[in-house]
1. Looking at (1) buried (at least 21 other Cβ atoms within 10 Å of the Cβ); (2) closer than 29 Å to A:A399 by Cα, can you tell me which one A:R81 breaks?
2. Here are B:A336, B:A354, B:A282: which of them is at the interface with another protein chain (Cβ under 7 Å from one of its Cβ atoms) and open to solvent by 20 Å² or more (accessible area, probe 1.4 Å)?
3. Count, please, the residues in segment A:296-311 that happen to be within 16 Å of A:R80 (Cα to Cα) and either buried (at least 20 other Cβ atoms within 10 Å of the Cβ) or in contact (Cβ under 8 Å) with a residue 40 or more places away in the chain (or both).
4. Within the bounds of segment B:343-350, is there any residue that is open to solvent by less than 20 Å² (accessible area, probe 1.4 Å), assigned to a helix (DSSP H, G or I), at the interface with chain A (Cβ under 10 Å from one of its Cβ atoms) and at pLDDT below 95?
5. Considering segment B:311-326 alone, what residues qualify as being touching a residue at least 12 places away in the same chain (Cβ under 8 Å) and assigned to a loop (DSSP other than H, G, I, E, B)?
6. Could you run through segment A:53-94 and say how many residues are of a type outside the set (D, E), over 22 Å from the mean Cα position of the chain (by Cα) and either part of a loop (DSSP other than H, G, I, E, B) or over 16 Å from A:A283 (Cβ atoms) (or both)?
7. Restricting segment A:134-155 to residues that are in a helix (DSSP H, G or I) and touching a residue at least 60 places away in the same chain (Cβ under 8 Å), which is nearest to B:E271 (Cα to Cα)?
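The values are calculated or read from the model by the stated rules, or taken from the named source; none is laboratory data. Note that the coordinates shown come from a computational prediction; the quantities given were computed from them, not determined experimentally. Neighbour counts are summed over all protein chains in view; Cβ atoms, including those assigned to glycine, are modelled from backbone coordinates with ideal geometry. The protein model used for the area step is the full one, side chains on, heavy atoms only, and it has no ligands, DNA or RNA in it. Shrake-Rupley method; radii C 1.70, N 1.55, O 1.52, S 1.80 Å.
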Amino acid sequence: MTNPSQRRARRSVPRRELLRGGAALAGAALLGGPLAAAKPWLLNAPLAAARKTKRVVLVVFGGGVRTRETLLSENTPNLRRIADAGVLYPRTAVRNNGHYGAAVSIFSGSFEVFGIREQARPQTPTLFEIIRKQTGLSASDVWLSTAGGDQETNYAYSSASGYGAAYGANLIGAEGIFNAEFKQLVVGQGGLRGVDAEAEQTLGGMRAAVDTPLPVLGDDGLGNDPAASARIEQYILEELRGSASSITGLGANDAKAMLVARNLMGIFKPRLMAVTLRAPDVAHGSFNDYVTVIRRNDEELGRLFDAITGDPELSESTALFVLPEFGRDRDFNQRRGLDHGDSSKELNEVATVAWGPDFRSGKVHDREVRSIDVAPTIVSLFGGRMGPRTGTTLPGLFA
Amino acid sequence: MPLTPSLLVALLLSLARPAAPDDPAALQLSNPRHVRALYLDALGRTPDSDEGALAASARPSMLVPLLISDVEFWQHWYEDELQYFLLLDNFRPADAPPGEGLPERLAAGSLGVLDAVRTLTAGSAFHRANPGNDTFVSVVFEQLLGLVVQRHTAQLESGKKMYDGKRSSLWGTIGNSQFDVVTIACSQPEFAEVFVARQYQRVVGLPAAPKQVRAWARRLEQDQQAFNELVGEWLLLPAYAERLSSLRRKTDRQFLRGLMVDLTGRLPDHETLSRARTALAAVADAGPLRSVIARVLLGSHGAGLPSRGEVEASRLVQQLYLRFLGRVPGPDERDAMIVLYQQCDCEPEILARALMTHWEYQYY
């Protein structure tokens, strides 16, 4: 036994290092675990022959955002600089089939029809499932950070036959976890302790020593292996210790989703990372709040972009796509807000921005494309193909 | 935990217990895993230490009827029904005055289980959760009758008219209100069949044969109070015991309630349960977050563990495996745990943490 002062003197490993490595946590679980059977060549392989792109980030800059308040304004300097360094598709056709349905359409590459409150999963496989199924990527390589809401949990995977949870994305609804109430639950009575690297190492070893003698009944979810689960657990603990839960104010949910995405990129360096935002829908009641939220989301987008370009590994290997699910009405409603339902060009045509090491720079593609073309483009970057009745790859993208 | 009526009777039963037969196709209450599973399936929580000890010396044919006649059985059933119909958070039905809630009325026998489902789906909470004719009628058809509405477009349209207050016919019965949609749906033979099939899957963890489902449904239609008997029969079927030879994933509610009972012997308060469930609903894979919750609640509440040195390592490992996983460790597991524990500068809590944050703890 040691006394308390000896315990305090234990070596402290930087938290981020601990999360990145995960070796201490995984312990012997890595040996012989499902990851050992994964295809090692996939871990850092370029997405397609002779391309530099290894990772893709897709930001659904959602909540209903018109181009008039983004690239045709001074509100979004960060989106502007990304567009200037990449390819801009100012004529991206969308369908106003509800926020959820329109965002799902981006992920599935197929215009999906849902009621505004409908909880159903998409019927067409999402790009997460197609990429995981066709390339063998592990669950911990494919992430989705949402601004919250039960409905958005359905983005992770579809109900399509042959796909589903086993090929889904790891999804975190930031507001659902990183909120003051949940933090109070876990912190309130001293349950959230600091990192003790030695104890974590012992814990990892003990977990790995558990040899479950019984088979599991039925479907076993996303398929995160024990090592990945341990790293995700550590990540959640770390985020709970951090500032995400205390983010407040207009658009806080979106800011949390972006922060989570940024941290996930830095720690896990996933091959595919998607983020969905929705706070601009405050526009129904207030145009000013709508613009304020767009500006805040643009600042967060800038931080994410800087995190990518500031990381030597990510900057040379990551592609970024940004687009809203649809725009908003042309004219104000009676509350001096903006609804979405007038079938105007402002509603049905948005801008898509694509940036990456293999893409052209400073180009504007004036011909019409569709929001459902983004998923097939990303899937093709991974060397895969979407199914029938989906969009096509974005033209004029590659350098 | 206070001595509940069921606990008291179990205690009395245990005083005159006969030895349980060692039948691999039967529920074995001498097996802690079986006892934990029985409590999780019947009451949605694990047994506390007293209940576990008493159950170990009781006969299944005596303990099972006790558990399923308790109001806690019906509270668990009710909460699972709310989850099934997504009547959660803002859509949760308002609490009834003490003694008048559905679980209490079901336990008292003043309400039948099929009538309880009809009451839930005809209530204002269900209407609020499923606004609009298309959503409401689709959900009623799908959740009560197991219909794929795309294949029953004529009935769907008729149901939507009825929802909107227009005179319309569904399966030969005329109605003109939302209430009529529910009432007519509940009068179809498929209603009891879908309910029985769902409940069997919920309790036993496996699908039932259609022929048996139909027979049980007719029995339930004849006497709604027979639901307790049915569940009791299911829990004593060889199929249930055979299911226990594999691991079934706990629902979030089972996990959280079982976790608190395992740690403290008490159930979580409503606020803790609600916050944790909301968080678990915000992730696609709840496994890592469940481990986080187990870790922090263990840190907050402790588990009444001895200090290092108070209990010999091999005994400690054995005790904690039984307490949290309901099984003894294999020889290699035990040896590895003992070595790791003896090598580390740590308290027994780390052993508990390793077991409670292991994926096996999320199954039963």
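1. All conditions pass for A:R81, except number (1).
2. Numbers: B:A354 fails: open to solvent by 20 Å² or more (accessible area, probe 1.4 Å); B:A282 fails: open to solvent by 20 Å² or more (accessible area, probe 1.4 Å).
Selected residue: B:A336, the only one of B:A336, B:A354, B:A282 that is at the interface with another protein chain (Cβ under 7 Å from one of its Cβ atoms) and open to solvent by 20 Å² or more (accessible area, probe 1.4 Å).
3. Pass one, segment A:296-311, residues within 16 Å of A:R80 (Cα to Cα): A:296-306, A:309.
Okay, now just the ones that are also either buried (at least 20 other Cβ atoms within 10 Å of the Cβ) or in contact (Cβ under 8 Å) with a residue 40 or more places away in the chain (or both), so A:296-305.
Result for segment A:296-311: 10.
4. To start, the set of residues in segment B:343-350 that are open to solvent by less than 20 Å² (accessible area, probe 1.4 Å) comprises B:344, B:346, B:348, B:350.
Those left that are additionally assigned to a helix (DSSP H, G or I): B:350.
Of the ones still in play, those that are also at the interface with chain A (Cβ under 10 Å from one of its Cβ atoms) are B:350.
Okay, now just the ones that are also at pLDDT below 95, so B:350.
Among the residues of segment B:343-350, at least one is open to solvent by less than 20 Å² (accessible area, probe 1.4 Å), assigned to a helix (DSSP H, G or I), at the interface with chain A (Cβ under 10 Å from one of its Cβ atoms) and at pLDDT below 95, which makes the answer yes.
5. Narrowing segment B:311-326 to residues touching a residue at least 12 places away in the same chain (Cβ under 8 Å): B:311, B:313-314, B:316-318, B:320-326.
Passing the criteria: only B:G326.
6. Matching residues across segment A:53-94 total 7.
7. Taking segment A:134-155 as the starting set, the residues that turn out to be in a helix (DSSP H, G or I) are A:134-135, A:139-141, A:151-155.
Then keep just the ones that are touching a residue at least 60 places away in the same chain (Cβ under 8 Å); that gives A:134-135, A:139-141, A:152, A:155.
On the way: A:Q134: 43, A:T135: 43, A:A139: 32, A:S140: 31, A:D141: 34, A:E152: 24, A:Y155: 28 Å.
Across segment A:134-155, the extreme among qualifying residues is A:E152.
Rundown of residues vs (1) at pLDDT below 95; (2) not in a helix (DSSP H, G or I), yes/no style:
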position	(1), (2)
B:V231	no, no
B:L263	yes, no
B:R266	yes, yes
B:S274	yes, no
B:R277	yes, no
B:V296	yes, no
B:V328	no, yes
B:E333	no, no
